[in-house]
Structures are given as structure tokens and as C-alpha cells.
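S.K.: Dropping the structure in here first, questions after.
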Amino acid sequence: MGIIKDRFKAKADEANVEIKAILKEHGSKKIGEVTLAQIYQGMRGITGLVTETSLLDPQEGIRFRGYTIPELQEKLPKAEGGSEPLPEGLFYLMLIGELPTAADVNEVTDILQRRSHVPNHVFATIDALPLSTHPMTMFVVGIMALQTESCFSKQYAKGMNKKDYWSATFDDSMDLIARLPRIAAYIYRRKYKNNEHIHPDGLLDWSSNLAHMMGYDDESFYELMRLYMTIHADHEGGNVSAHTTHLVGSALGDAYQSFAAGMNGLAGPLHGLANQEVIKWIFEMRKELGSDNPSKEQIVDYVQKTLSAGKVVPGYGHAVLRKTDPRFTAQMEFGKKHMADDPLVQTVWNIYEAVPPILQSLGKIKNPWPNVDAHSGALLVHYGLVEYEFYTVLFGVSRALGVLASLCWDRALGFALERPKSVTSELVKDWINGK
Ligand code: NMX
Ligand code: MLT
């Protein structure tokens, strides 16, 4: 791990000098104003965080360290014979800030292989939960059981010097990312495959090893996992899972505590759980209509029914994006290449034609276009992965790459405890009345 860790430290040292100089000279520069509506409505549009790993443009979508998804698909190293990027390369890019070579990516894969051992008590803890437990709950419980291994917590208890926080956080982050595929696959096989487990394969990359341990040994599924793990990894710092990980980390929670908190955020239906909700919604529509291939007219009627029942159309809308999510488009391209005739995938594409005009016509929805979750489930179903309650766990494994790379940066840059000010409505009324 030495070389990558040393490179990270060198980059962080440079950034520290630069940021100190920026703050010294421009620390009082105003970067925005806050309205009352914003503090009552989810702080939309308030810039309040620094996250180095990625930046979201409302029109164009996500850029990871300046690179769009199509650019990453072109520039990041691939597995032998593959055409999708290896997410280990994206992790390197987010951590170091430079595109990796194939050798750099191999090094990350090797590190993750070497550090992937999961102690038995983690499996025993997951086993203690009833089989009916939601996979995201099992995932969070598994991560917390693994917290016994935290270098940061052990070293902090011994009186670690502030200067070493970044190093222990870096070690914890690597360990946790390395171990997540084993935990995720264990949950999947326990809940859905008769508790029959599959050993990791020490020769596979991080994503295909996850696929292998889940029981999906197909080169095109490996490719899907590489794409999936790449596009779900990060979405700048304000989304619920990234922000929660950062917030808990700001109190010097270790990587396990911070990431588990973030995963509880991801488990909400307006955030990562939307990927299960989309497939559940389509399955229910198909059942109600008695058709595996509903027409656009039938879809329109079903969307109206969903809205009349006071429910959201899952997979549509976004707090920041104002156009089709490029992560949706990347998955659509994958679908066209690997499964263009699949009726479920075609239904997702028909929904894409039917839904935006309806949402637009309501006049209140700021973004009528699909987000990442509108497409992901249909691709998984194509390969037989129909257990949709598990989908958010896959999102979570991927999200670890971005939020833990960010946590390393938080510690390396010595970011402060996050503690914004809140007010009561009584005080707001006093402000309005000029008191
Ligand atoms: N279906 C129905 N109504 C919607 C939708 C939708 N897909 N999206 C927004 N609205 C409603 C929203 O509930 C709100 O209604 P009200 O004023 O009655 O409270 C109104 O439109 C204005 O909301 P926006 O300002 O457009 O959206 P906001 O930034 O508040 O919320 C989401 C963003 C993503 C929470 C929202 O679009 C949504 O609930 N989408 C469906 C769930 C989903 O796909 N979430 C996944 C997001 C991506 N991810 O992976 O995290
Ligand atoms: C994400 O990937 O985190 C979601 O698109 C939600 C967000 O960005 O707010």
C-alpha cells in the first residue's frame, strides 16, 4: 500500500499549503446568500461543503475530478478483454486526483485483495438477524460489526497525534472497501441462496469478485458490475449518503462508523432505496396490467394513478440535476449493447418517453427527467438478479469508493467538526418583524 499512500500524502500536503494560502488571502470572500425558503426546504442550492472527489453540474451531470462518465469510459484502464472502466481506477482518480495507469489500477486491486479478510464475528452478527431483515439493515449491521477492526479508533484511544489522523483513516478506508464485497455477497447468499456461500477468487478484480461471490460468473455481468460500481461511486458532497458520512466523520467517527451512518441515509426511498422502488413499481404495474410489455398509453395511465395516490414516480426527479442523468444514459447504452430485446429494459425506455411530459405538466417538479435509479434494476433483472431489495446494497458498495476517498481528504485537510446553526420559527418571525 506504500506507494499509493505516499502519493496521497504528497498530494494532501500540497493541497494543505494551497488551501491555507487561499483562506489567508480570500477567507472573507462571499460565495452566496441564504434565503428563508432555503433553510425550510432542504437547504437546496446552499453551498456549504468542500468535497474534492467530484462535482455535479445541473445540466451536464457528474464529473469525477473533472472527467465525465463517457470520458472515464474512454480513459480509465479496463479489465483484459473488457470495455467498461475498472472502478479501482476511479477510486485512484478520486483519491490522488490524477488518472491512473494500468499498473496503478493493478496495485489498487492487489491491495483490496490482500486486505479483504472478514473476521468470523461479522458473519455471526449478520446471522443473528432474522432472515426477513432488509438487506440494507444487514449491511449496516455487518459494517458496524467490522468496526472492531478500526485502526483509527484503536490509535485514537491510545492518544494518536492529530497529524496521524489521515493515515489511520486511509488504512481503515482501504480495509473497509476491500471487505465490503464479501459482506454484501454474504448477505445476498444468506438471504436468497439458501445460505450457500461462494469463496472469493483471488485472481479477480474488485467488482467481478463481488459478482463471483454472489454467484454471477458471466463476463458480461462482470462488465455490468464494473460499470455499476463506477457510476454509483460519487455524486459530490451534498447527497444524503456522502453528507452523512462526512458529518459523522467530522466528529472523528472512524471510517466504519461514518460509512455505516451514510448507508443508513442511502437506505431512504428518496435516495438509494429508489433503485428497488423502481423495479417494485414496474413489477406491480406489469402484474396489474397482466402484461410484460405495457404500451405507452398504459404506462401513462399507471403514472397518473401513482401520482393520484400521493406517491412519487420512483427514479424520476433530482435535487440538483435538471436534465437526464448521464448515469441513466450510460446504463441505457449498456442495455442497447448487451440486451436490446429485453422487454423489461424496453419498458424502462418506454417509461423514459412517457414520464417526463407528465411530470413537466404538473408545473411543480423541478426535474422531470430520470436519475440513475430509473435504469439500474432492469439490467440486474436481465441477468437473473431479481431480488430487488438487495439493489441498494450494490449502490452502497460502490458509494464507499467516493465517500471514503472523501473521508481521507477530510482528515488529511484537517476539516473541522461540522456544526451549522439552526433557528426556531419563533426567531424567524422575530426577524421578519424586525425584532
Ligand atoms: N414524482 C412525483 N412527484 C415528484 C417527483 C417524482 N418523481 N419528484 C419531485 N416531486 C415532487 C416533490 O415531492 C415535491 O412535491 P411537494 O411540493 O408536494 O412536496 C415537488 O415535486 C417539488 O420537488 P422538487 O423540488 O422537484 O424535488 P426535490 O429536490 O424536493 O426532491 C427527489 C428530489 C429526488 C427527492 C424527488 O425528485 C423524488 O422524490 N424523486 C423520486 C425518488 C427518487 O427517484 N429518488 C432517487 C434520487 C437519486 N438517488 O439515487 O438518490
Ligand atoms: C446520488 O447519487 O447521491 C443521488 O443522485 C442523489 C443526490 O445527488 O442528491
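No lab work stands behind these numbers, since they all come straight from the coordinates. Worth saying up front: this structure is predicted, and the values here are computed from it rather than measured. Heads up, the Cβs are rebuilt from the backbone with ideal geometry, glycines too, and the neighbour counts pull from every protein chain shown.
S.K.: Pick from LEU344, LEU86, LEU36: which is most flexible by mean-square fluctuation in a GNM of the chain where alpha carbon atoms under 10 Å apart are linked?
M.R.: Among LEU344, LEU86, LEU36, the largest mean-square fluctuation in the Gaussian network model of the chain belongs to LEU36.
S.K.: Evaluated at 4 °C with a viscosity of 1.567 mPa s, what Stokes-Einstein diffusion coefficient in µm²/s does the chain have when Rh comes from the Kirkwood expression over alpha-carbon pairs?
M.R.: The estimated diffusion coefficient comes to 57 µm²/s.
S.K.: OK, next. For LYS163, list the aspartates and glutamates whose Cα falls under 12 Å from its own Cα; do not include residues on the same chain fewer than 8 positions away.
M.R.: ASP13
S.K.: Hey, which of these cross-link pairs are over 29 Å Cα-Cα: LYS11/LYS337; LYS30/LYS421; LYS30/LYS435; LYS323/LYS421; LYS5/LYS158?
M.R.: LYS11/LYS337; LYS323/LYS421
S.K.: Give, as a single signed number, the net charge of other residues whose beta carbon lies under 14 Å from the beta carbon of GLU14, with Lys and Arg counted +1 and Asp and Glu -1.
M.R.: Around GLU14, the surrounding residues sum to -1.
S.K.: Shifting gears a bit: Show the residues, 5+ positions off or on another chain, whose built amide H is closer than 5 Å to the amide H of TYR316.
M.R.: Those qualifying (amide H under 5 Å, at least 5 residues apart or on another chain) are ASN371.
S.K.: When the Cα centres of the range 10-59 and the range 181-258 are compared, how far apart do they sit, in Å?
M.R.: Distance between centres, Cα-based: 29 Å.
S.K.: Around TYR302, with a cut-off of 15 angstrom between Cβ atoms, what is the net charge of the other residues, counting Lys and Arg +1 and Asp and Glu -1?
M.R.: -1
S.K.: Next question. Under a straight-distance cross-link criterion of Cα-Cα below 18 Å, which aspartates and glutamates are reachable from LYS305, leaving out those fewer than 8 residues away in the same chain?
M.R.: GLU277, GLU284, GLU288, GLU297, GLU353
S.K.: At 222 nm, what value in deg cm²/dmol follows for the chain if DSSP H runs of at least 4 each add -39500 (n - 2.57) and the sum is divided by all its residues, to the nearest 500?
M.R.: The helix contribution divided over the chain gives -19000 deg cm²/dmol.
S.K.: Give the residue from TYR352, HIS382, HIS338 lying farthest towards the positive end of the charge dipole for the range 274-382; charges sit on Cβ (+1 for Lys and Arg, -1 for Asp and Glu) and the dipole is referred to the Cα centre.
M.R.: TYR352
S.K.: Mind ranking 213-219, 227-233 by how tightly packed they are, going by the mean number of other C-beta atoms within 10 angstrom, highest first?
M.R.: Highest-to-lowest ranking by the protection proxy: 227-233, 213-219.
S.K.: Oh, and also: When we measure straight from the Cα of LYS154, which aspartates and glutamates land under 18 angstrom away, once same-chain ones fewer than 8 places off are left out?
M.R.: ASP164, ASP171, ASP172, ASP175, ASP254
S.K.: Related question: Specify the inter-centroid distance of the range 356-435 and the range 93-145, based on alpha-carbon positions, in whole Å.
M.R.: 22 Å
S.K.: Please give the charge dipole size of the chain, origin at the Cα centre, charges +1 on K and R Cβ atoms and -1 on D and E Cβ atoms. Round to the nearest 20 debye.
M.R.: 1440 debye
S.K.: Could you run the Karplus curve 6.51 cos²θ - 1.76 cosθ + 1.60 with θ = phi - 60° over the range 73-83 and give me ³J(HN,Hα) per residue in whole Hz, x for Gly and Pro?
M.R.: 4, 7, 9, 7, x, 10, 6, 4, x, x, 10
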